[in-house]
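Novice: Below you'll find the structure I mean.
The values are calculated or read from the model by the stated rules, or taken from the named source; none is laboratory data. Just so we're clear, the structure is a prediction, and the values are computed from it rather than from any experiment. Cβ sites come from the backbone with ideal geometry, for glycine too, and all protein chains shown count toward neighbours.
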Amino acid sequence: MAAKAKTLEDLFHETLKDIYFAEKQILKALPKLAKSANSDQLRNAFQTHRDETEGQLGRLDEIFELIRKPARGKTCDAILGRVRSSH
């Protein structure tokens, strides 16, 4: 059976889901990384990154709303492996 041809809109939506999943995983990991940081400067950098990531997720939520799709990520084993290896 032939695979269904994807439109650019389909590919855009799939990419958004990948990005959304990655940002959610990063947001979950940052507090743990900050807690294990050895310096205040590094802890502050993780906090800043966390704030930026929350903003990015907010923008992604807006994009999902604009394209009338649910804001939902697609599990990516590569991202899970990367996040796990960072703590």
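Novice: If I ask for residues that are farther than 15 Å from Lys24 by Cβ and touching a residue at least 40 places away in the same chain (Cβ under 8 Å), which ones from the stretch 39-79 would you list?
Specialist: The answer is Ile67, Lys69.
Novice: Looking only at the stretch 37-78, count every residue that is modelled with pLDDT of 95 or more, under 12 Å from Glu23 (Cα atoms) and among the hydrophobic types (A, V, I, L, M, F, W, C) and tell me the total.
Specialist: Final tally of qualifying residues: 2.
Novice: Additional query: Considering only residues that are assigned to a helix (DSSP H, G or I) and of a type in the set (Ser, Thr, Tyr), look in the stretch 1-23 and name the one that is surrounded by the fewest Cβ atoms within 10 Å (Cβ to Cβ).
Specialist: Thr15
Novice: Select from the stretch 64-83 the residues that are in a helix (DSSP H, G or I) and within 14 Å of the chain's Cα centre (by Cα) and list them in ascending order.
Specialist: Phe64, Asp77, Ala78, Ile79, Leu80, Gly81, Arg82, Val83
Novice: Then there is this: Which residue is surrounded by the most Cβ atoms within 10 Å (Cβ to Cβ), if the candidates are limited to the stretch 28-74 and must be in contact with a helix residue (DSSP H, G or I) (Cβ under 7 Å, 6 or more places away or on another chain) and among the polar types (S, T, N, Q)?
Specialist: Per the criteria, the residue is Thr53.
Novice: Across the stretch 24-38, what is the total count of residues that are part of a helix (DSSP H, G or I) and either without any contact (Cβ under 8 Å) to a residue 40 or more places away in the chain or among the hydrophobic types (A, V, I, L, M, F, W, C) (or both)?
Specialist: Counting residues in the stretch 24-38 that are part of a helix (DSSP H, G or I) and either without any contact (Cβ under 8 Å) to a residue 40 or more places away in the chain or among the hydrophobic types (A, V, I, L, M, F, W, C) (or both) gives 8.
Novice: Oh, and also: Regarding the stretch 39-50, can at least one residue be identified that is under 14 Å from the mean Cα position of the chain (by Cα) and among the β-branched types (Val, Ile, Thr)?
Specialist: No, every residue in the stretch 39-50 fails to be under 14 Å from the mean Cα position of the chain (by Cα) and among the β-branched types (Val, Ile, Thr).
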